[in-house]
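Contents: one structure, followed by commentary.
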Amino acid sequence: MRQTFAKEMLNVGQIDDRLVVLVGDISHFALQAFAKACPGRFYNVGICEPTIISIASGLSHAGFYPVVHTIAPFLIERGFEQIKLDFCYQELGGNLISVGSAFDYSGLGVSHYCYNDVALIKSLPGTQIVCPAMPNEFTTIFGMTYHNSNLTYFRLPEVKHGFNISDDKIELGKAIKLRDGEDITIIAFGPQLKTVVQCETMLRNLGIDFELIYIHTIKPFDVKTISDSAQKTGKVLAIEEHSMYGGGCDEVMRVVGNLMGVNAKYISIPNYFVHGYGKIEDHYEYLGFTSQNVLNYCKQLLGLK
Amino acid sequence: MNKLLRKKIVQTITTGGEGHIPSSFSIVDLIDVLYSKHLKFNSTNPTWAERDYFVLSKGHGCMALYVVLEKFGFITQSDLDQYGNFDGILGGHPDRTKVPGIEASTGSLGHGLPIAVGIALAHQIRQNENRVYVLVGDGECHEGTIWESALVAHNLKLNHLCCIVDYNGSAAQIMPHPNISDQWKSFGWNVLNIDGHTEDEIDKALCTFRSNQNDKPSVIIAKTVKGKGVSFLESHGIWHHKIPNQLEYNAIIEELDK
């Protein structure tokens, strides 16, 4: 996804001379093509994330479309007050593009994990949040939004879900129904679509007719698609690599909470720090982002043993 | 020392029941000279593309800026009369979405300088001549973002950027700067030291910045007095965020009328 990001900056930057990219000493080499094609519009500013956010707001105030790119905890958690006051409160548009959210830097510990970036940005007025997990999801939505008056956060994951969705079905704020079903609605956010797709055969073997909804945009949230599906099936399972507080699963629970007779559960990151290292798969296993866990939750919701 | 603007500051803050009088007195001469003689602006078209920018980073001193904006026609006396009201455009920290001529909403310290760096960078990219001025407090210079920005501005050769430090020493009670001029010099800036209440010195320093030929950003360390102009306000104590009662108000005006 990082290479996709770099290519998209090059593509858009060649068309629009108001695009400026600021990075906090990451992706420097990947962005060299942009730097060469768009002289004066690429800055590897240094290791000073709050300042980079404020500089980007100044660029926005003076008519540019800034992109700030670095690792999620430093971009969002360290720069949060600057995001709140210098972009959102001042009603300035811009783009924050992270890598290394959730536990993508799986071997580096909690300083490099970021469980609540979506919650933080979601809490601010004037923001949009996109969690693409395939290249065309990022390029399609970035192309639609990079120049609007909102602050848009793109959370680029390490793992792609691998499911091909055509460009014409990708739209900011629109959930995508990938499978019709009657028994239960499964809602997958970003890379966790991969986990759900991996258990498709197991679900079918149990005779579970599941409806599958994929979500790449958390704000604005597609309430109608979720609501319609939940009312139809009466049972909802959501799965997302984010803190149990404030992410996409929270949005699902808010929608479902307004509906009568719908049971819902979610798989997300519990409210504690994971002190483990290892590979992403180790974190998946520890936190329950597995096909077997999806299957277990579905069985619980359906009352199956 | 501009007594007329000081009286307006006290009148407005006393009526509105909110504000920082000594901080505003500390910087009002700097802002007045900047707008009177150096800043390029069009108050009937505040977003004029060829304008210079002024960012008040120490937002709590905003009354000094409000009275100057009123003097030059960005806002009206009626706006000042509504200061502090829920429906007014003016409050205890400036809001750029509401007030013509305010370039940045500030309040939390350490934001205005990096925003100004971004504005200066934007005009450098476009090879424009717009200048960017930003006023920070010496207490604000405790913030890490000030020094991050100072390093970035030097590294990017933002020579159309001028930072004015309101060096009233208030924060020195807590954590003094051993040598603030040397600090800025060591970050690669042109440094000018002046008295921040003497019009001629302010004017000359701003002329020096505008005629600067090297590629460094410039900083003007303006030695100021918090509460300058009224003896009992000239301290670092209770008056920082105090609203005068009628007797105190009368005493302030009496001193300013001398």
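Bear in mind that the values in this text are calculations on the coordinates, not laboratory data. Fair warning: this is a prediction, and the values are worked out from it, not measured in the lab. Using ideal geometry, Cβ is built from the backbone for each residue, glycine included, and neighbour counts are taken over all protein chains shown.
Before moving on, here are some points about what is shown:
- Counts of other chain beta carbons within 10 angstrom of each beta carbon in peptide B:123-130 average 3.
- Under 5 Å between amide hydrogens, built in the peptide plane, is the criterion, and for A:Ile267 it picks out A:Ala238, A:Ile239, A:Glu240 among residues at least 5 positions away or on other chains.
- Using the Cα coordinates of the stretch A:167-302, the gyration tensor eigenvalues translate into equivalent-ellipsoid semi-axes of 22, 18, 15 Å, sorted from longest to shortest.
- log10 of Debye I(q)/I(0), alpha-carbon scatterers only, for the stretch B:2-149 at 0.19, 0.20 Å⁻¹: -1.17, -1.29
- Vicinal HN-Hα couplings computed from phi for the stretch A:276-290 (Karplus, 6.51 cos²θ - 1.76 cosθ + 1.60; Hz; Gly/Pro x): x, 10, x, 9, 3, 4, 5, 5, 4, 5, 5, 9, x, 8, 10
- Sites listed here are chymotrypsin sites (Phe, Trp or Tyr not before Pro) in the stretch A:228-300 whose DSSP assignment is loop and whose Cβ has at most 15 other Cβ atoms within 10 Å: A:Tyr245, A:Tyr272, A:Phe273, A:Tyr277.
- Sorted fewest first by neighbouring Cβ atoms within 10 angstrom, A:Cys131, B:Cys207 come out as B:Cys207, A:Cys131.
- The stretch A:2-155 - Rg over Rh from alpha carbon coordinates, Kirkwood radius: 0.92
- Neighbour-count ranking [beta-carbon atoms within 10 angstrom, fewest first] of A:Val159, A:Val294: A:Val159, A:Val294
- Number of partner chain Cβ atoms within 10 Å, mean per residue of A:64-75: 1
- Size of electric dipole in chain A: Cβ of Lys, Arg +1 and of Asp, Glu -1, about Cα centre, debye, nearest 20: 200 debye
- DSSP beta bridges confined to the stretch A:91-210 are antiparallel in about 10 percent of cases.
- Taking the C-alpha atoms of the stretch A:102-183, convex hull volume expressed per residue in Å³: 146 Å³
- Take each residue in B:102-108, count the other chain C-beta atoms within 10 Å of its C-beta, and the mean is 4.
- At an R0 of 45 angstrom, the distance between the Cβ atoms of B:Arg210 and B:Lys7 translates into a FRET efficiency of 0.90.
- Value of relative contact order over chain A, rounded to a whole percent, pairs C-alpha under 8 Å and six or more apart: 15 percent
- Each residue, A:Asn136 and B:Thr47, gets one label point 7 Å from its Cα in the Cβ direction; the gap between the two is 3.7 nm.
- Segment A:Met260-A:Lys224, length gained on full extension (0.36 nm per residue, minus Cα span): 11.4 nm
- Net lengthening on full extension, A:Lys36/A:Asp16 (0.36 nm per residue, minus Cα-Cα): 5.7 nm
- Kirkwood Rh and Cα Rg combined as Rg over Rh, evaluated for the stretch A:124-165: 1.01
- Its alpha carbons give chain A an Rg and a Dmax of 19.3, 62 Å.
- DSSP assigns beta bridges within chain A; of those with both partners inside it, close to 15 percent run antiparallel.
- Compactness of chain B - radius of gyration and Dmax, Cα, Å: 17.3, 54
- Approximate spin-label separation B:Ala251-A:Ser111, in nm, with each point projected 7 Å along Cα-to-Cβ: 5.3 nm
- When the convex hull of its Cα atoms is projected in every direction, mean area for the stretch A:162-222 (nm²): 4.2 nm²
- Placing R0 at 41 angstrom, the Cβ-Cβ distance between B:Asp195 and B:Asn128 gives a FRET efficiency of 0.80 after rounding to 0.05.
- DSSP-assigned coil residues among GluC sites (Glu not before Pro) in the stretch B:125-231, each with at most 14 further Cβ atoms within 10 Å: B:Glu129
- Expected-Rg normalisation [2.2 N^0.38 Å, Cα atoms] applied to the protein assembly as shown: 1.12
- Computed FRET value (nearest 0.05) for A:Ser149 with A:Leu304, which takes r as the C-beta separation and R₀ as 45 Å: 0.40
- Antiparallel DSSP beta bridges within the protein assembly as shown, percent to nearest 5: 10 percent
- Put in order of Cβ neighbour count within 10 Å, fewest first, the listed residues B:Tyr66, B:Tyr83, B:Tyr133 become B:Tyr83, B:Tyr133, B:Tyr66.
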